[in-house]
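Please read the structure below before turning to the comments.
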Amino acid sequence: MVWWLSRWMVLAAVGLGLVGCPSPPPSTPRERATPLVPPRPELGSSPDVVFPVAERFALANGLEVQVLRVGRLPMAHFVLVVRGGQASEPPGLPGLADFTGELLKEGTKHRTAEEVLAAVEDLGGTFRISTDRDAVYHVLSVPSEHAATALETLAEVVTEPAFPEEEVERHRGRELGRLALLRADPNYVAQVVLFRELYGDHPYARVDATPESLALIQREHLVTFHRDRYAADGAFLIVAGDVDAAALRPLVDEAFGTWRTGAATPMPVPDPPAIPARRVLLVDRPGSSQTTIQVGFVTVPQRDPDFPALTVAADVLGGSASARLFLNLRERHGWTYGAYSSLEETADRAPATVFSDVEAEASGEALVEVMGELRRLRTTEPGREELAARQGYLTRILPLRVETPLNLAYMLAQLELNGLPADYWDTYAERINAVTPEQVRQAADRFLDDGRAVVVVVGVADELFEACRAIGPVTRTDIDGARDTTPMPPAQEATRRPAPTPCGERAADRFSPRRSARGG
C-alpha cells in the first residue's frame, strides 16, 4: 500500500538501511565527547521553486482535465485520479478500494488481461494503480507520440472493467499471502493497532485489508464500488510531460467524453475518538530481540492554517538523522538504527507518528526518552539556529519533489484532493520560513501532547510490561483487536525503578500520565 511504501522510501532515501538490519547496536548509554552533529557548512539561501501552471479544461460530462507541459523527455504521463480511496470503503470491507483497482488490470469487456498488458507494452509504456486514504491513482506512462492510443486504453480499462470471477479468486489468494507476510512485520502490526486506536470509526483507521474482509469481498462488491466511485464527476485527469493541451483536448474528449456521471455522494465521516490521557497498547511478539515503538496523534488537514507550524514541529522532533529523536536514541544512547517522526499530508485530520525499533533491553529507557522529547518540544521553544536548520531542510528538499513530471502530477493531484490553493507549492517555502519558535511550541502543545499520546509497543510482552506501565495505563492487544477488558494502571511511585532523567522531564513526574489535555 502507498502509506507503507512512502514511509520506508523516505528512510531509504537518506541511506540509513533500516529495513532488514539484524539488530540495533549495544544498549550501553554513551555520552560522546564530540558534538553529535558536525558544524554545518554555509548553504546559502534555499533554491527557488516555481511550480508550473497547468492548463485546464473540462469535458461536457464534467471530467476536469489539467495539463502540465514539463520535462525534457518525449514522455507523457496520464494520471486519472478517482476520489474514493480507503476513506470511501464501506464499513467491514477494508481493502475494497485497492482490490477494485487491482482487478481493473485483469481485463475489460473487450480485452483479456493479457491483451491489455500487451497493448501497453506495444506502446512502450507502463501501467500501475495505487490507492491511498483519499483516492485511487491510475497511471499510464508512454512515449508522447502514442498519447491517443494510450488515452483510449486507459479509458477502456477504467470505465469498462470485466472483473472476471476467476481473477477475483486469484487476487484474493495473493492478498491473503501478502497479509500473512506483513502481519509478521512488527512495524506493520504496530501501524494497524495504532491507527485503529487513534481513529476509531473514522475511515483513516483502515490501514489495509484484513483476512476477514478479504474473505467477504465478492465480485458484486467490486461492481458496486466501481459504480459508486468511478464516474466522470468523481474523478479528474492530470497529464504531465511532453504534451500540448490544445492537441490533447480532442483526444481526451474522444476517449472519455461518453463516460457516465453519477458518482455517489461522499459518506459522512465521524470524528476520531477523543484521547484525554496517554494510553499504552502492548502487543506480544515472542522471541523478539527488538522492540518496536510507535506513538501517534490525530492532527489537522493539510489545508489548516496550523499545518506549516506543525510540519516544522514534527521535523524538529524527528524529520531526519539530524533531528532530536535520532540524536538522542541513536547518537547519544546507541539503542537503535534510527528514530523518526512523520506528518502525513491528508485531506482530513492527518496522523502524526513517532517510530523506532530499539534493542529490547533498552525499551524502558527508550520509551521514557521519547516521551521526554515530546514534552520538551511542547514546553520549550527551539533555538533560532535549530529552527533555521530544520526550515532549511524542509525547503531544500522541495526541489527533489518537483524534479520529475510524474511527481509534479501527484503534487497537482494533492492540491485538488486536499483543498489547497493553486499557489500552495509556490508559497510553501515562504510559509515554512515564517514559522516562529513560539508557533512550533504551540503547535506541539496543541497537537503532539505527550499526555494525550497513543503509544504502541510490540515485543516480548511479559518482559516489556513494567516498562510500558511506567509511562501509562497498559492494555494488551493484538493486530486483530482482541484486548484486555481493563487496562492496567501506571506503576505506583513505590514500585518504580531508578532511570536516567530524560530531556525535558523532571525526575518526579517522568512516569506520570497527563491528568488533563492541557494541565501539567
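The values are calculated or read from the model by the stated rules, or taken from the named source; none is laboratory data. Note that the coordinates shown come from a computational prediction; the quantities given were computed from them, not determined experimentally. Virtual Cβ from ideal backbone geometry, glycine too; neighbours counted across all protein chains shown.
Brief remarks follow.
- Identity of the residue in segment 242-258, in a helix (DSSP H, G or I) and among the acidic types (Asp, Glu), that ends up nearest to Ala148 (Cα to Cα): Glu254
Residues checked against (1) within 18 Å of Thr380 (Cα to Cα); (2) surrounded by 23 or more Cβ atoms within 10 Å (Cβ to Cβ); (3) modelled with pLDDT of 95 or more:
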position: Val298; (1), (2), (3): no, yes, yes
position: Asp304; (1), (2), (3): no, no, yes
position: Ala309; (1), (2), (3): yes, yes, yes
position: Trp335; (1), (2), (3): no, yes, yes
position: Ala339; (1), (2), (3): no, yes, yes
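- Within segment 398-422, if we keep just the residues that are under 20 Å from Val312 (Cβ atoms) and free of Cβ contacts under 8 Å to residues at least 12 places away in the same chain, the residue that is surrounded by the most Cβ atoms within 10 Å (Cβ to Cβ) turns out to be Arg401.
- Residue list for segment 216-228, restricted to those being surrounded by fewer than 20 Cβ atoms within 10 Å (Cβ to Cβ), in contact (Cβ under 8 Å) with a residue 40 or more places away in the chain and assigned to a helix (DSSP H, G or I): Leu216, Arg219, His221, Val223, Asp228
- So Val435, is it modelled with pLDDT of 95 or more, in contact with a helix residue (DSSP H, G or I) (Cβ under 9 Å, 6 or more places away or on another chain) and outside any loop (DSSP other than H, G, I, E, B): no
- If you check Arg390, Arg375, Arg349 for being under 27 Å from Leu417 (Cβ atoms) and in contact with an Asp or Glu (Cβ under 7 Å, 6 or more places away or on another chain), only one passes: Arg390.
- The listed residue being touching a residue at least 12 places away in the same chain (Cβ under 8 Å) and over 30 Å from the mean Cα position of the chain (by Cα), out of Pro250, Pro203, Pro164, Pro211: Pro164
- The set of residues from segment 365-397 being surrounded by fewer than 23 Cβ atoms within 10 Å (Cβ to Cβ) and closer than 13 Å to Trp335 by Cβ comprises Glu365, Val368.
Okay, residues lined up against (1) within 17 Å of Met267 (Cβ to Cβ); (2) modelled with pLDDT of 95 or more:
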{"residue": "Gly84", "(1), (2)": "yes, no"}
{"residue": "Pro90", "(1), (2)": "yes, no"}
{"residue": "Leu93", "(1), (2)": "yes, yes"}
{"residue": "Leu104", "(1), (2)": "no, yes"}
{"residue": "Ile129", "(1), (2)": "no, yes"}
{"residue": "Asp132", "(1), (2)": "no, no"}
{"residue": "Leu140", "(1), (2)": "no, yes"}
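- Among the residues of segment 345-400, those identified as among the small types (Gly, Ala, Ser) and part of a helix (DSSP H, G or I) are Ala360, Ala362, Ser363, Gly364, Ala366, Gly372, Ala388, Ala389, Gly392.
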